[in-house]
Amino acid sequence: MGEAVYFPPMETERLNLVNVSRKHTNFILKHFSDSKVCEFLYDEEDLENYDQAHTLVEWFANPEEKGYNRWVMESKEMGGIPVGTCGFHMWDRQNRMAEIGYDLYPDFWGKGLMKEALVACINSGFQNMGLNRIHAYVAIENQRSSDLLKRLGFTCEGIFRDKHYYQGSYYDHYTYSLLRREW
């Protein structure tokens, strides 16, 4: 019997979700250097050059071994061009919980693509990773992200005060969770 696959490639109606690889380096640079994509991502500085993008791609390499991943969301309708990313990190295997993260290129906002991708991610987390709890942190000002999580059945548990220190300031985040029994 083969080893478990925690982060398989997935397909939705309009997307293919594939783990980040070297072929995505230019997209990762474009994506994570875009001020609108990064507006509420207070955990890392925006990317400025190819070497930084390459380092990030390498950080996400070998997800099965590392226990965290990032899927690139490739649009089927647009010939496979990448439009965003999503994935799991901070996997606490003992307590069966992980944090989900996601981002979408602004040209594709409001089309339901992120909801479609997150449904696949959440299903995978509960089935392939054996999670009981998926949590997310959302910058207080990021209303679109909060609304999306609520539509997916996440519960806002409160405010994680001063969650990130970024460029000389602290930023509060809402903390959301979804339990397997609620899905």
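The values are calculated or read from the model by the stated rules, or taken from the named source; none is laboratory data. Given the structure is predicted, the values throughout are model-derived calculations rather than measurements. Note: ideal-geometry Cβ built from the backbone for every residue, glycine included; neighbour counts use all protein chains shown. Just the protein is used for accessible areas: all its heavy atoms, side chains included, with ligands, DNA and RNA removed. Shrake-Rupley method; radii C 1.70, N 1.55, O 1.52, S 1.80 Å.
Kindly evaluate Glu77 against the criterion of being part of a loop (DSSP other than H, G, I, E, B), in contact (Cβ under 8 Å) with a residue 60 or more places away in the chain and open to solvent by 30 Å² or more (accessible area, probe 1.4 Å).
Numbers: part of a loop (DSSP other than H, G, I, E, B): yes; in contact (Cβ under 8 Å) with a residue 60 or more places away in the chain: yes; open to solvent by 30 Å² or more (accessible area, probe 1.4 Å): yes.
Yes; evaluated as a whole, the condition is true for this residue.
The rows are residues; the columns are (1) buried (at least 17 other Cβ atoms within 10 Å of the Cβ); (2) over 17 Å from the mean Cα position of the chain (by Cα); (3) closer than 20 Å to Leu41 by Cα; (4) not hydrophobic (A, V, I, L, M, F, W, C).
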{"position": "Ile81", "(1), (2), (3), (4)": "no, yes, no, no"}
{"position": "Glu99", "(1), (2), (3), (4)": "yes, no, yes, yes"}
{"position": "Ala136", "(1), (2), (3), (4)": "yes, no, yes, no"}
{"position": "Gly168", "(1), (2), (3), (4)": "no, yes, yes, yes"}
{"position": "Thr175", "(1), (2), (3), (4)": "yes, no, yes, yes"}
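Quick check on this structure: which one of Glu45, Glu13 is acidic (Asp, Glu), at pLDDT 95 or above and either farther than 24 Å from Met129 by Cα or open to solvent by 30 Å² or more (accessible area, probe 1.4 Å) (or both)?
Glu13
Residues Val72, Val57: which one is open to solvent by less than 60 Å² (accessible area, probe 1.4 Å), in contact with a His (Cβ under 7 Å, 6 or more places away or on another chain), assigned to a helix (DSSP H, G or I) and of a type in the set (Val, Ile, Thr)?
On inspection, the qualifying residue turns out to be Val57.
Any idea which of (1) under 29 Å from Val5 (Cβ atoms); (2) touching a strand residue (DSSP E or B) at 6+ places or on another chain (Cβ under 8 Å); (3) part of a helix (DSSP H, G or I) is the one Leu178 doesn't satisfy?
Only one criterion is unmet by Leu178, namely (3).
Answer yes or no: is there a residue in the range 67-78 that is among the aliphatic types (A, V, I, L, M) and more than 27 Å from Ser177 (Cβ to Cβ).
Yes: the range 67-78 contains one or more residues that are among the aliphatic types (A, V, I, L, M) and more than 27 Å from Ser177 (Cβ to Cβ).
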